[in-house]
1. What list of ³J(HN,Hα) couplings, whole Hz, do you get for the range 51-58 from phi and the Karplus terms 6.51, -1.76, 1.60, once you set θ to phi - 60° and write x for glycine and proline?
2. With charges set only on the Cβ (+1 for Lys and Arg, -1 for Asp and Glu), what does the dipole of the range 274-374 come to about its Cα centre, in debye to the nearest 20?
3. For the range 151-221 and the range 344-372, write down the distance between their C-alpha centroids in whole Å.
4. Treat every Asp and Glu Cβ in the chain as -1 and every Lys and Arg Cβ as +1, leave all other atoms uncharged, and give the resulting dipole magnitude about the Cα centre to the nearest 20 debye.
5. Sorted by packing (mean other beta-carbon atoms within 10 Å per residue), highest first, where do 251-260, 294-303 land?
6. Kindly express, to the nearest 10 degrees and within the range 0 to 90, the angle between helix 353-373's C-alpha long axis and the longest C-alpha principal axis of the chain.
7. For Ile211, list long-range residues whose amide hydrogen, built 1.01 Å from N in the peptide plane, is under 5 Å from its own amide hydrogen.
8. Just order 114-126, 356-368, 94-106 by mean Cβ neighbour count inside 10 Å, highest at the front, would you?
Amino acid sequence: MLGNKSILSSITFRCGRLLFTITITANLLLSACSTTPLLPYTEDSPPLVLMPASQAGIEDKRGRFREIYCAVLEQHGQALPDYLPCEQALTRVGIEPGGSGKIVKLGSSSRNLQAVLVPGIGSSCFSNWLKPKSTAATHIRQFGYEMVTLKVDALSSSSNNARQIRDAIMIMEHDERAPKLVLIGYSKGAVDILEAIVTYPEIRKHVAAVISAAGSIGGSALANDVTQSELNLVRHWPDAKCTPGDGGAIDSLRPSARQAWLSENRLPRDFPYYSLVTYPKPERISSILKSSYDKLSQIDARNDSQIIFYDQVIPGSALIGYLNADHWALSVPVARTHSTIGSIFVDQNNYPREALLEALMRFVEEDLSTSVKD
C-alpha cells in the first residue's frame, strides 16, 4: 500500500499543497496554492455569450439517448463491468425532453459503423502503467461495430495532433459507399478532432459523425494555472513511453485559445456533431479530484473536476446526455487495474463504459438513419 501511495505522492509539489492531477483526456495540472484568478481579466477575448442551449443552436436529444442507454444497461449492463442503474448513470439537468417511445433495437448493426477514439493529453504517458483492456471493443464487436484508438502525441498541440489524426484516417481502409467513422474525442481529443476536420477536408468524406465525450471544447480554466514544463513531468511516470512532442498541449487547452479558435473557424456541416457531457453529482467526484473540482467551482460548481459542463458542448451539435461521472470515470479505468489506488484515491472511478459505448453507437446509427429518411 505504501508503495502505491508513494507513486501518487511523488508528484505532489509546490506550496506543499499542489496536486499534480493527470487524466488521460483532460489531464491538467492544478495549482491549489495559487491565488490568481483562473480566468484573468483580459480585453483580448472574442465577444462571448452564455445562454440556454435551445437559444444557441443546440438540439436536445437527451430523451432518445436515455431510452437507448437505459435499454442497453437493462439488457446487457449487468453482465458488464461497473454496472449502474440508468438513473444513477445519467444526470437529469433542467427539463429533459421525453423519449420517443420507439422500440430500442438491440440486435446487430446494419451499417457497421466504426468508433474511432482520440484520447486526451498524456494518454501514451500512462498507457503502459494503466494497462487498459480492450473490453469495450470486444463488447461492441459482437453487435457489428468496430473500434480503434488512434495514437496521438501525449504532450503536443491540437494542430500537431490534428495532422496525426488526418494521416491515420487516410491510411485506413474505407467503404466508399457510405462513411463509417464515428470520431469520438475524449477531453483534448475532441478539439484535436475538430481541428483535423477543419484543416484537412480530405478526411470528411469518411466521417459519419463526431462526438465530444467530456471534450474540452471551450478549454479548461485549470490550464491557465499550469505550464507545459510542469506537465512534462508526467514523462517520469512509471513505465511512461511518451515524447515531449511540440510542447503545445497546455496552450491548446487554455480557454482563450479555444475561444479564439472557435470564433475563427466554422465547423463543416458534412456530418452531425454530438455532445456527451460529464455532469457528476458532487459525491461522485473521486477524492484525488476534489481539489480540482473545488478550484474550478470558484467559477462554476457544475464541473467534472476538469471542465465546466457548458464548455464541453460543440457549437451546433446535438446534446445527447449528461453523465453522472467525473472526468476520469468516463474514460480512465484506474480502479480496474490498480485496485489499491482506486480504493484510496480514485474511489468514484466505476462507470459502465462498455454499455455507454454500445448505446452511443446505437444512438448514432439510428439518428443517422432517421436523418436520411427526413
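Taken together, the values in this text are just the output of simple stated rules run on the coordinates, not laboratory data. In this text, all values refer to a predicted model and were calculated from it rather than measured experimentally. So basically every Cβ, Gly included, is an ideal-geometry build from the backbone, and we count neighbours across all protein chains shown.
1. 9, x, 4, 5, 9, 10, x, 9
2. 260
3. Cα centroid to Cα centroid, the span is 18 Å.
4. Details: 37 positive and 38 negative charges, 109 e Å.
Dipole size: approximately 520 debye.
5. Ranked from most to least packed, the peptides come out as 251-260, 294-303.
6. 40
7. Leu183, Ile184, Gly185, Tyr274
8. 114-126, 356-368, 94-106
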